[in-house]
Amino acid sequence: RFSRRHLLRKMRSPLTPSLVALFLLLLLRVYGATIVWTGSTSHNWDSPRNWNLGRTPDEHDHIIISGKRVVLDLLSPTPVKINSLTIEDASLESHNPLVISNTSIVSPRGSLLLHSDLHGSGKLLVKGRLHLHYTSRSRVDITDVDIHPLGCLNVTWEEQRGVVDDPNVFSSAHLLSHDELSLFVPSTRGSEHLSYSEVQFYVDLVAGYFTRVSGGCTASDGVGYWWSQATNTLVKEKVVIVSMFAEASRDTTRDLIRVARWLARELQQEAVLARINHSSYLVTSA
């Protein structure tokens, strides 16, 4: 039986600070510490001096990467386990499999480039850029990948280009296509300048066709310059660039040229510009 005085004496013993420190250490191991990237010596993830706690992160840690580029490329292909990850105005390039346990965020100015797998029970919220270098050996197998409207998803293939059609790659993100097809809608009919509503009429027609093909499209204003062979002068006019993401198949490309040819005839143009990825074509009315 211990008296109150005995208990107070035990609490004031020199052993108490050690017990407190041990208790706090156990809490950190269970709930994880917040470890911040400093990048004071290099871009290497596995350099302890690049982290504010003087050690590399482990599976219990909450990681914050800000203001610097980080490269995770260990000598062995060992998976790197972490609790959560927040990428702020920085980029993380990972060549090792990542295992994430809790919700992780790629902020609007952040970038995550994966050359290997992404696993775990956590959720990945992408407000910035997620780039997956996809191979036959890599996969994203995480509970949820949420691409925010402000976010950007890019996928490249080691063996081939095309649409990601593997339903196991992403659970909630969908890549439309690598191919971008565009038509440049003129603002003139012959030498006559069209009104805004008249231009919008033709933009809506092109957008309607694009939407039926790909499910959606975008339109942006621009200025076009071209050399008129009829008048031997430089022509400058406003254009509206209508773009869609769709597979540049033979049928889709043929239909795109048909719409461009119809537009050239309708607006009495020598040619209308069509673009497929990085290739541009002047489509005449003939």
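The values are calculated or read from the model by the stated rules, or taken from the named source; none is laboratory data. The model shown is predicted, which means the values in this text are computed figures rather than measured ones. Neighbour counts are summed over all protein chains in view; Cβ atoms, including those assigned to glycine, are modelled from backbone coordinates with ideal geometry. Remember, those area values only see protein heavy atoms, side chains included, never the ligands or the DNA or RNA. Shrake-Rupley method; radii C 1.70, N 1.55, O 1.52, S 1.80 Å.
Brief remarks follow.
- Long-range neighbours under 8 Å by Cβ, at least six apart or interchain, first residue within 13 Å of Leu183 (Cβ to Cβ) and in contact (Cβ under 8 Å) with a residue 40 or more places away in the chain within region 213-225, second outside any strand (DSSP E or B) and open to solvent by less than 60 Å² (accessible area, probe 1.4 Å): Val213/Ala246; Val213/Thr252; Val213/Asp255
- Test: Ser228 is among the hydroxyl-bearing types (Ser, Thr, Tyr) and over 15 Å from Ala264 (Cβ atoms): no
- Of the residues Ser187, Ser228, the single one that is in contact (Cβ under 8 Å) with a residue 40 or more places away in the chain, surrounded by 16 or more Cβ atoms within 10 Å (Cβ to Cβ), over 26 Å from the mean Cα position of the chain (by Cα) and more than 30 Å from His133 (Cβ to Cβ) is Ser187.
- The listed residue being in a strand (DSSP E or B), of a type outside the set (A, V, I, L, M, F, W, C) and open to solvent by less than 90 Å² (accessible area, probe 1.4 Å), out of Ser285, Ser220: Ser220
- Only listed residue being at pLDDT 90 or above, hydrophobic (A, V, I, L, M, F, W, C) and under 16 Å from Glu180 (Cβ atoms), chosen from Leu273, Leu267: Leu273
- Listed conditions (1) in contact with a Lys or Arg (Cβ under 9 Å, 6 or more places away or on another chain); (2) surrounded by fewer than 18 Cβ atoms within 10 Å (Cβ to Cβ); (3) of a type outside the set (S, T, N, Q); (4) part of a strand (DSSP E or B) are all met by Pro108, apart from (4).
Yes or no, residue by residue, for (1) among the polar types (S, T, N, Q); (2) at pLDDT 90 or above:
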residue	(1), (2)
Phe210	no, no
Ser214	yes, no
Ala219	no, yes
Trp226	no, no
Val235	no, no
Ile257	no, yes
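- Meets criteria (outside any strand (DSSP E or B), open to solvent by 40 Å² or more (accessible area, probe 1.4 Å) and modelled with pLDDT of 85 or more) for Leu205: yes
- Leu72 at pLDDT 55 or above and surrounded by 17 or more Cβ atoms within 10 Å (Cβ to Cβ): yes
- For Glu159, the test of being closer than 20 Å to Ser249 by Cα, at pLDDT 70 or above and open to solvent by 50 Å² or more (accessible area, probe 1.4 Å) is failed.
- Residues located in region 231-277, provided they are acidic (Asp, Glu), touching a residue at least 40 places away in the same chain (Cβ under 8 Å) and open to solvent by 20 Å² or more (accessible area, probe 1.4 Å): Glu247, Asp255, Glu266, Glu270
Residue-by-condition table, conditions (1) in contact with a helix residue (DSSP H, G or I) (Cβ under 9 Å, 6 or more places away or on another chain); (2) surrounded by 21 or more Cβ atoms within 10 Å (Cβ to Cβ); (3) not in a strand (DSSP E or B):
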site: Val36; (1), (2), (3): no, no, no
site: Thr78; (1), (2), (3): no, no, yes
site: Leu85; (1), (2), (3): no, yes, no
site: Leu92; (1), (2), (3): no, yes, no
site: Leu112; (1), (2), (3): no, yes, no
site: Leu125; (1), (2), (3): no, no, no
site: His131; (1), (2), (3): no, no, no
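- Only residues that are among the hydrophobic types (A, V, I, L, M, F, W, C) and in contact with a His (Cβ under 8 Å, 6 or more places away or on another chain) were counted across region 49-73, and they come to 3.
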